[in-house]
1. Applying the selection to segment 216-252, what residues are in contact with a helix residue (DSSP H, G or I) (Cβ under 6 Å, 6 or more places away or on another chain) and basic (Lys, Arg)?
2. Cβ contacts < 8 Å: first residue touching a residue at least 40 places away in the same chain (Cβ under 8 Å), restricted to segment 211-227; second residue assigned to a loop (DSSP other than H, G, I, E, B) and of a type in the set (Asp, Glu), any location; separation 6+ or different chain. Result?
3. Any idea which of Phe144, Phe117 is assigned to a strand (DSSP E or B), of a type in the set (Phe, Trp, Tyr) and over 23 Å from Phe233 (Cβ atoms)?
4. Would you call Ala275 assigned to a helix (DSSP H, G or I), surrounded by fewer than 20 Cβ atoms within 10 Å (Cβ to Cβ), small (Gly, Ala, Ser) and touching a residue at least 40 places away in the same chain (Cβ under 8 Å)?
5. Pick out, from segment 1-105, the helices (runs of 4 or more DSSP H) lying fully within it that include 3 or more residues that are within 16 Å of ligand 2 (Cβ to nearest atom).
6. If you scan segment 316-345, which residues turn out to be assigned to a strand (DSSP E or B) and either in the same structural domain as Leu137 (by TED's automatic domain parsing) or under 16 Å from Arg383 (Cα atoms) (or both)?
7. On the given criteria, is Ala130 within 20 Å of Val199 (Cβ to Cβ) and surrounded by fewer than 24 Cβ atoms within 10 Å (Cβ to Cβ)?
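The values are calculated or read from the model by the stated rules, or taken from the named source; none is laboratory data. Source: prediction; values computed, not measured. Cβ placement follows ideal geometry from the backbone for every residue including glycine, while neighbour counts extend to all protein chains displayed.
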Amino acid sequence: LLRPDGTVASTIFAEMTNLAARTGAINLGQGFPDVDGPHAIKAAAIRAIEHGHNQYPPGTGTPELRRAVADHQRRRYGLDVDPDTEVLVTTGATEALAATILALAGPGDEVVTLEPFYDSHAACIALAGATHVTVPLHPTPDGFRLDPAQVRAAVGPRTRLVLVNTPHNPTGTVLTCAELQVVADAARAVDAIVVTDEVYEHLVYDDAVHVPVASLPGMAERTITISSAGKTFSFTGWKVGWLHGPAHLVEAVRTVKQFLTYTSGSPFQPAIAQALADDEAPRALAASLATRRDLLCEGLVSAGFEVVVPRGTYFVVADGAPLGFDDGVELCRRLPGLAGVVAVPVSAFCRAPGTDEASGPTAALALASRVRFTFVKREDVLRDAVRRLGALR
Ligand code: PMP
Ligand code: GLN
């Protein structure tokens, strides 16, 4: 987490958001919506504050939110989850990831992730003192895809956790049932635990279907499933997340969570419990995001980028190479000046070339010219961004 000169690195998202603020560029870097979630959910949080939900809630989360998570998993995926022993409410998916990795992995253990990976995955593996091993996702016309042989090569006797993220940030890949089965088989063969980050579970497009790893045969007993209200309901600042899994693993994660935050935001929990009971808001958000995805992807292509069309999340990865930009970091630094838009280099989601060769070859070199844009912005903002990007030609 330290730079070679001893300074502490800030996250790439904070850095790019600062760049947008400094330059007045349109921020398509950090993924957060510019329109809040439903009014009825806000009203529920306000009511909860007025009705006295202002002191520490139970450490595992309020019973109504734990029940709502269990009901949601049954209704949407047919999963059988005990709200009393198998669910833990957390301060966003970020805390769920941190507490899970710190509880279950340590020095000498290997944690396998996809590459590119969400930045906090790598940071938490480092905080736990575990070794980070990666499996590259390869750009294809059909999305960024896994090579089953590389999954099998990465998962071995020292693997403690296999951390999957689907739908995947930054590539927008929705892993198929077959791909997830390869991961599940590899984990089971070495008795590893699977941790899945499913915060974009409802944001899938076209004919893509989100498959929770825990729904694969025999996997519920060895999988920690993580999700969050931030992306599903457009309340990223509320930081309401949760995880579920077998009781003994959830208990281990709870022991860490109690010393990270003890409990999580009291009045937001009943509001999100109410939100989780209704599938309409996420469905409407996904439908509107599909349109916004098309708008941005078409705009990026007319500006000269090559794009891999995402089937999930609210991100698209674009290749700057056809425009003569071989280095995505350089492109993101210059983009505010050239076009008044901010993006994030995909290399920020990869291990630096040359680090820890034992962890396998990094995907950073293959993806060096790629940058990530978010499309969770109003259509007029995206239209403006697309018009500005036209200046790159
Ligand atoms: N995982 C992924 C893949 C993410 O993109 C994000 C950002 N929303 C998180 C976890 C963190 O989620 P939260 O804001 O609920 O902590
Ligand atoms: N998850 C969001 C993204 O990928 C931002 C989260 C953050 O700022 N840490 O852009």
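1. The one that is in contact with a helix residue (DSSP H, G or I) (Cβ under 6 Å, 6 or more places away or on another chain) and basic (Lys, Arg): Lys239.
2. Here the result reads Pro212/Glu198; Pro212/Glu201; Ala220/Asp80; Thr225/Glu198; Ile226/Glu198; Ser227/Glu198; Ser227/Glu201, each pair linking segment 211-227 to a residue that is assigned to a loop (DSSP other than H, G, I, E, B) and of a type in the set (Asp, Glu).
3. From the options Phe144, Phe117, the qualifying one is Phe144.
4. no
5. 12-23, 92-104
6. Those that are assigned to a strand (DSSP E or B) and either in the same structural domain as Leu137 (by TED's automatic domain parsing) or under 16 Å from Arg383 (Cα atoms) (or both): Val316, Val341, Val342.
7. Considered against the rule, which asks whether it is within 20 Å of Val199 (Cβ to Cβ) and surrounded by fewer than 24 Cβ atoms within 10 Å (Cβ to Cβ), Ala130 comes out as no.
Yes or no, residue by residue, for (1) outside the structural domain of Leu97 (by TED's automatic domain parsing); (2) of a type outside the set (D, E, K, R):
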site: Thr196; (1), (2): no, yes
site: Ala214; (1), (2): no, yes
site: Ala229; (1), (2): no, yes
site: Glu251; (1), (2): no, no
site: Tyr262; (1), (2): no, yes
site: Pro267; (1), (2): no, yes
site: Leu285; (1), (2): yes, yes
